[in-house]
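Participant: Provided herewith is a single structure, encoded as structure tokens, for subsequent inquiry.
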Amino acid sequence: MSSLASKDFRFPEGFLWGAATAAHQIEGAPLADGAGPSIWTRFAHTPGMTLNGDTGDVACDHYHRWKEDVGLMRELGLQAYRFSVSWSRILPEGTGRVNQKGLDFYSRLVDELLANGIEPLLTLYHWDMPAALDDRGGWLNRDCADWFAEYGRVLYRALDGRVRKWVTLNEPWVVTDGGYLHGALAPGHRSRFEAPIAAHNLMRAHGAAVQAYRAEGAHEIGLVVNIEPKYPAGDSEADAAAVRRAHAYMNEQFLHPALLGRYPDELRDIFGEAWPDFPEADFGLIRQPLDFVGINYYTRSVTGDGDSYPQRTTVVRQPLGTYTETGWEVFPQGLTDLLLWFKRTYGDLPVYITENGAAFFDPPVAEEGRVRDPLRIDYLRKHLAAIHDAIAAGVDVRGYMAWSLLDNLEWSLGYSKRFGIIHVNYGTLERTPKDSARWYSGIIRSHGRSL
Ligand code: LGS
């Protein structure tokens, strides 16, 4: 049972309240000031790859409106802001030459955040690899670990004095499943053979970037994964086996090597002949001590026999369930369950919820400047209560970042899905805080007591 009825919410002292975005989804001006193209700029400009041909050429124009956006964060009372850096703004060719103007953009943003009392949480990689590196094989090239560590080093040296929380990768599962297995995301490959190689190299890159951080940085670094707890559709042994496969593929494929130094056994069966024998020495690189893990949570899936992971996944629709506009079931209890599973499996590592939120068809901005989005408020509220339950059960959750600060470009789904607590008019680029933003602001002010 959710503890919403108990009405006595106490979040730990220092629990950090914030919101999150990612470079490609909000910045626009992808080639400004000497930046190189990323795989997402290239992918979105390839006909047929995104809904309505939507690109990130303008997005929320945050590249020019960053100051206004930090002002909005301050008005809402956000204590933290999670954003990502676009690698090809910093290193237009992916390695080698540093583009000072790209670095300056993020340096100014960080200064502005700090001047407004907002803690930056910087993600190095939120899916926009420099196109020049994809031309060299992207995540399939083992050299990517060196490329990524080099990129990390440039940022650590420039910003570690001011940025205290770093993230290597955002959701490596989505990068490989969407980018290399199913092809719905950049770089758009469809190969059962490539997916595990890309996944493994992403983790080697993660390890190399953490190693580089230990040499250069003085604060905290972690990894962000998406976790989707799996529940069986029925009580057959076959359903239970399907759940184990799904869970190993989606939830353990990255955390196991990062934290335990091995892959879950199921992966070999799942990938069959496509599963390579990885050099044992790689696991020494991949398994680096982390300061925290970031977890992105949106939904669960109910799954059963008939699944043939990773190619096909069965998600059984719940007749009494509530669904968001992206078709994902609203299931707050899943967040409590996964946090308890995380602690049981990986121990007492600090956790941040680095993304959580929902897309709904919001009504247009009303005359008095309001956007009424009660469903989003309900979603956020129930998930915060679910986090509170996990904290009460002993999980060390240190903060919460709502996805997202702004309505933005939802990758291949273009601008069709609005996740923001702030509405963006894509014609005028005007920002309007939705009711959920005002509500969240109150929650922050009461440190969660008013939940
Ligand atoms: O905008 C992305 C959000 C939206 O929903 C963000 O860039 C990503 O980091 C993250 O993947 N995001 C996201 N994920 C939800 C995935 C749920 C998939 C459920 C599929 C069930 C059928």
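The values are calculated or read from the model by the stated rules, or taken from the named source; none is laboratory data. Predicted, not measured: the structure shown is a model, and the values here were computed from it. For neighbour counting, all protein chains shown are included, and Cβ atoms are generated from backbone atoms with ideal geometry for every residue, glycine included. What goes into the accessible areas is simple: the full protein's heavy atoms, side chains included, and nothing from ligands, DNA or RNA. Shrake-Rupley method; radii C 1.70, N 1.55, O 1.52, S 1.80 Å.
Participant: Give the accessible area for Y426 in Å² (nearest 10); use a 1.4 Å probe, count only protein heavy atoms, and leave out ligands, DNA and RNA.
Facilitator: For Y426, the solvent-accessible surface is approximately 60 Å².
Participant: Using a 1.4 Å probe on the protein heavy atoms only, what accessible surface does K382 show? Give it in Å² to the nearest 10.
Facilitator: Using a 1.4 Å probe on the heavy atoms, I get roughly 70 Å².
Participant: Do you know the relative contact order of the chain, to the nearest whole percent, from alpha carbon pairs under 8 angstrom that are 6+ apart?
Facilitator: Answer for the chain is 19 percent.
Participant: Would you rank T46, T326 by solvent-accessible area, highest first, keeping every protein chain in place and using a 1.4 Å probe?
Facilitator: These residues rank, largest area first, as T46, T326.
Participant: Further question on the same structure: Kindly report the accessible area of the chain per residue (heavy atoms of protein chains, probe 1.4 Å, no ligands, DNA or RNA), in Å².
Facilitator: Here the residues of the chain average 37 Å² of exposed surface.
Participant: What does the charge add up to near A29, with Lys and Arg as +1, Asp and Glu as -1, over the other residues with Cβ less than 11 Å from its Cβ?
Facilitator: In short, -2.
Participant: On the full set of protein chains, 1.4 Å probe, figure out the accessible area of Y63 and give it in Å² to the nearest 10.
Facilitator: Its accessible surface works out to 10 Å², give or take rounding.
Participant: Counting only protein chains, not ligands or nucleic acids, how are D291, D146 ordered by accessible area (probe 1.4 Å), most first?
Facilitator: D146, D291
Participant: For the chain, compute the orientation-averaged projected area of the C-alpha convex hull (one quarter of its surface), in nm².
Facilitator: Mean projected area for the chain: 20.3 nm², to one decimal.
Participant: Right, another one. Let me check I've understood the local charge: for R82, count other residues with C-beta under 14 angstrom from its C-beta, Lys and Arg +1, Asp and Glu -1. What total comes out?
Facilitator: Charge balance near R82 sits at -2.
Participant: Hey, how many Å between the Cα centroid of the stretch 142-207 and the Cα centroid of the stretch 17-34?
Facilitator: About 17 Å separates the Cα centre of the stretch 142-207 from the one of the stretch 17-34.
Participant: Could I ask something else about it? In the calculated pair distance distribution of the stretch 16-58, what percentage of Cα-Cα distances lie above 13 Å?
Facilitator: Cα-Cα pairs in the stretch 16-58 separated by more than 13 Å: 58 percent.
Participant: I would also like to ask the following. Within a Cβ distance under 13 Å of F15, other residues only, what is the Lys/Arg minus Asp/Glu net charge?
Facilitator: Counting the neighbours of F15, the net charge comes to 0.
Participant: For the stretch 6-143, give me the percentage of DSSP beta bridges that are antiparallel, rounded to the nearest 5 percent.
Facilitator: Roughly 10 percent of the DSSP beta bridges within the stretch 6-143 come out antiparallel.
Participant: Rounded to the nearest 5, what % of DSSP beta bridges with both residues in the chain are antiparallel?
Facilitator: Here the share of antiparallel DSSP bridges comes out near 15 percent.
Participant: Considering only protein heavy atoms and a 1.4 Å probe, what is the carbon-and-sulfur percentage of the accessible area of the chain?
Facilitator: With neighbouring chains kept in place, the figure for the chain is 51 percent.
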